[in-house]
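The structure appears right after this line, and notes come after that.
The values are calculated or read from the model by the stated rules, or taken from the named source; none is laboratory data. If you're wondering where the values come from, they're calculated on a predicted model, not measured in any experiment. Note: ideal-geometry Cβ built from the backbone for every residue, glycine included; neighbour counts use all protein chains shown.
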Amino acid sequence: MVTLKELKPFYYTALDLGVILSKANLTVIEFSNVLKQIAENEKDLIALKYKNDRRKLFLAASYWSYYFVDKEALDAEFPAIKKLLSTKDIEISDGDFTADYSDLDLFFKSIRLRILYIGKQDYVRIKLRTLLKRYGLKRRSQKFIDKFLLCIWFYQLQIYLPGNKECDIRKVNVDDTIIFRIKN
């Protein structure tokens, strides 16, 4: 049984929406319209802090989206930060930030919003190997599978193989492309 506390990170925050919408390269009007649709149609999935205050959600999501417009420049600084910390005998690795799959829910939030509000397609596809690599994995761990299945359930998604064949993440070949769709 999953507790409410365990599900709390799955709800949309302004930061999540800012990250997702900044990647969509929307105009200000498109951004506003998509955020309005999300606030109206995804109300049950919005973090309690923003659920009943659309203005607060819009302002906070706008702030974060502008912050992440230059995310590539921020990411480019990571090697310099690692080098500086190594002079202080502090070692960090890319895996330190992904080992617990803490942002896997952001990946699924993005999929749901892209399908419903942002993209022009009713599906999102990715090679399983690419998804695993994003989290520093070469193969599926039980922890990754558990979090993956919880996200699939929470965001009401279904995965398929090409040809619209329903599949199970535990049995999919690592080199297969998986296709995400919203459950009917």
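A few points about this structure:
- Meets criteria (surrounded by 15 or more Cβ atoms within 10 Å (Cβ to Cβ), outside the structural domain of residue 46 (by TED's automatic domain parsing) and free of Cβ contacts under 8 Å to residues at least 24 places away in the same chain) for residue 118: no
- Evaluation of residue 86 against the conditions (1) surrounded by 14 or more Cβ atoms within 10 Å (Cβ to Cβ); (2) among the polar types (S, T, N, Q); (3) at pLDDT below 90 shows that the sole unmet condition is (1).
- Among residues of segment 133-147 that are in the same structural domain as residue 167 (by TED's automatic domain parsing), those with a beta-carbon under 8 Å from a residue that is among the polar types (S, T, N, Q) and outside any helix (DSSP H, G or I) at least six positions away or on a different chain give the pairs 134/98; 135/98; 136/98.
- At least 2 residues being touching a residue at least 24 places away in the same chain (Cβ under 8 Å) and under 12 Å from residue 113 (Cβ atoms) is the threshold, and among the helices (runs of 4 or more DSSP H) wholly inside segment 1-60 those reaching it are 14-23, 28-41.
- Residue check for residue 143: within 27 Å of residue 1 (Cβ to Cβ), at pLDDT below 95 and not in a loop (DSSP other than H, G, I, E, B): yes
- From the list 113, 161, the one residue that fits, being modelled with pLDDT of 90 or more, in contact with a Cys (Cβ under 8 Å, 6 or more places away or on another chain) and among the aliphatic types (A, V, I, L, M), is 161.
- Only residues that are closer than 22 Å to residue 156 by Cα and surrounded by fewer than 13 Cβ atoms within 10 Å (Cβ to Cβ) were counted in segment 8-42, giving 3.
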